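Everything below concerns the one structure shown next.
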Amino acid sequence: MTTTSIHGMWSSRLAFVLAATGSAVGLGNIWRFPYTAGEYGGGAFVIVYILCVAAIGIPIMMAEIMLGRRGRQSPINTMRTLAEREGASPLWQLLGWMGILSGFLILSFYSVIAGWTLAYVMRAAGGLFTGIDAAGSEAVFSALVGDAERLLAWHTIFMVITVIVVARGVAGGLEKAVRVLMPALFLLLIIMVLYAAQAGDFASGAAYLFQPDFRELRDNAGEAILSAMGQAFFSLSLGMGAIMIYGSYLNSQDSIMQNTIIIAVMDTLVAVLAGLAIFPIVFANGLEPGSGPGLIFQTLPIAFGQMPLGQFFGSVFFVLLVFAAWTSAISLLEPLVAWLVENRGFSRVRAAILGGVAVWLLGIACLLSLNEWSGFKVFGMGILDLFDYVTANVLLPLGGVLIAVFAGWVLSRSASAAELRIASEGLYQVWLVLIRFIAPLAVILVFAHAIGIF
Ligand code: PHE
């Protein structure tokens with residue numbers, strides 16, 4: 001059995017935790033979590049979300065890391081090798097292909113939103129937010145989103161920096177960068193929460209997030225629960241092979257369970273902190289929590305515009321958000337690049353450029369759907385919203401179920417026990433029950449409920 005990957009290895013356990021946390025913590029926590037929670041009424045959504053992280057997300061993340069580490073290749077080849085070894089169907093490699101498709105679709109719109117973040121660094125630094133009110137902030141946002149050329153420029157810059165890091169290999173520059181950036185992001189979020197606590201309507205914001213009112217779920221429970229589950233997959237980077245490939249660079253000695261729990265807790269904490277920074281400002285300024293993907297871009301500038309040193313804090317905040325998005329974006333591209341290197345014999349640089357250009361092209365369709373093509377809708381959604389919805393709510397959970405089934409039923413118990421090496425036999429049994437029954441059934445029931453089967 002191979003004990004290292006041809007693509008390189010993390011230099012330490014800490015490097016893995018930082019990289020995987022870097023993948024998990026991103027726009028999903030700070031941009032997507034608050035606006036999705038806002039669309040489904042807050043507290044009840046948050047409870048369902050946390051349940052999904054604990055009962056579905058954590059066991060599946062352990063499974064992904066475990067499979068990646070046993071296969072030590074791109075998700076496609078890892079699945080092919082492991083299936084072969086267990087005497088299972090070669091069709092399991094389709095799971096890897098599905099992951100490539102998901103990563104491709106996600107990165108195409110992710111890069112556009114990351115572009116908004118880049119644009120906001122400039123706006124914050126230039127003092128555009130000083131003294132801005134809710135209407136002014138909405139106007140700044142609409143002006144950006146309506147301007148296709150500007151969006152294209154920022155989307156291009158973001159894809160270029162993503163390709164550069166992937167081309168250089170993950171261990172080199174990235175490891176060092178996340179070491180400083182993740183703690184800095186954390187600190188700044190706490191400052192934002194403290195600001196929101198004294199300047200915003202903190203009581204309403206906190207109540208909105210933490211006081212579940214399950215009546216809100218009644219009208220639209222299927223959709224809300226599906227979205228909470230989809231958000232858990234998206235935020236934890238699960239179901240498309242990003243965590244699998246990061247697992248393939250992890251040392252055989254390191255504990256999978258412990259690392260997984262750290263990553264999941266950090267990810268959830270960042271999402272909750274983002275909610276606590278944003279909703280008090282939403283309520284204090286009479287904004288709509290359910291206003292959609294523009295939420296943080298319309299609320300945070302108001303806060304930065306009023307706080308002392310807001311120009312400084314605002315720029316730093318959006319810079320850190322760019323970094324959070326960046327460390328996630330590289331993990332979205334990595335599985336495809338590893339596969340191109342393995343199967344096409346490309347150099348890493350060539351593979352990264354090729355993958356990046358393909359994603360960049362698709363991203364243009366996403367950004368045009370916000371302006372020039374805004375009349376074009378599929379299932380009532382523009383392309384960007386459609387990619388966002390379908391990947392998080394359908395493709396990632398589906399990938400997750402297949403990973404769970406493979407890890408729980410196809411892979412022999414002796415193999416999973418040997419790879420996870422959980423000291424307590426009882427805890428291993430808990431994982432086995434979660435991965436065999438609870439996680440797959442929960443996802444399928446949520447799907448069934450959302451499409452109205454019961
Ligand atoms: N988890 C990332 C975020 O929250 C997005 C992501 C999804 C990254 C899937 C990799 C794979 O921003």
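The values are calculated or read from the model by the stated rules, or taken from the named source; none is laboratory data. Quick caveat, the model's predicted, so the values are computed rather than measured. As a convention, Cβ positions derive from the backbone with ideal geometry for all residues, glycine included, and neighbour counts pool all protein chains shown. Only protein heavy atoms, including side chains, enter the accessible area calculation; ligands, DNA and RNA are left aside. Shrake-Rupley method; radii C 1.70, N 1.55, O 1.52, S 1.80 Å.
Here is how the numbers come out for the structure above:
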item	result
222 nm mean residue ellipticity, helices alone, for the chain (DSSP H n ≥ 4; -39,500 (n - 2.57); rounded to 500)	-23500 deg cm²/dmol
Accessible surface of the stretch 257-303, 1.4 Å probe, proportion on carbon and sulfur as whole %	68 percent
Relative contact order [Cα under 8 Å, 6+ residues apart], the stretch 1-150, whole percent	15 percent
Fraction of accessible area attributable to carbon and sulfur, the stretch 21-146 (%, probe 1.4 Å)	67 percent
Mean Cβ neighbour count within 10 Å, used as a protection proxy, ranking 81-88, 288-295, 365-372 highest first	365-372, 288-295, 81-88
Between the stretch 195-209 and the stretch 319-377, the Cα center-to-center distance that results, in Å	36 Å
Cα centre as origin, Lys/Arg/Asp/Glu Cβ charges: the stretch 1-137 dipole, Debye	400 debye
Exposure of HIS449 as accessible area (Å², to 10), given a probe of 1.4 Å and all protein chains	60 Å²
Residue-span extension gain [ALA143 to SER424] - 0.36 nm each, minus C-alpha spacing	95.5 nm
Cβ-based charge dipole, the chain, positive-most Cα from PRO301, PHE317, MET266	MET266
0 to 90° range, to nearest 10: angle between helix 43-52 axis and the chain longest Cα axis	20 degrees
Residue order for PHE210, PHE379, PHE33 - accessible surface, 1.4 angstrom probe, largest first	PHE379, PHE210, PHE33
Mean accessible surface per residue for the chain, computed with a 1.4 Å probe while every protein chain stays in place, in Å²	37 Å²
Average Cα contact separation per residue, the chain, under 8 Å, 6 or more apart, as relative contact order %	36 percent
The stretch 147-218 - percent of accessible surface contributed by carbon and sulfur, probe 1.4 Å	66 percent
Nearest-ten-degree value, helix 173-199 long axis tilted from longest Cα axis of the chain	40 degrees
Label-to-label distance, nm, for residues given as GLU223 and ILE444 (7 Å Cα→Cβ offset)	2.7 nm
Charge tally in the Cβ shell below 12 Å around MET244, where Lys, Arg are +1 and Asp, Glu are -1, MET244 excluded	+1
Nearest 10 degrees, 0 to 90: helix 256-284 Cα axis against the chain principal axis	10 degrees
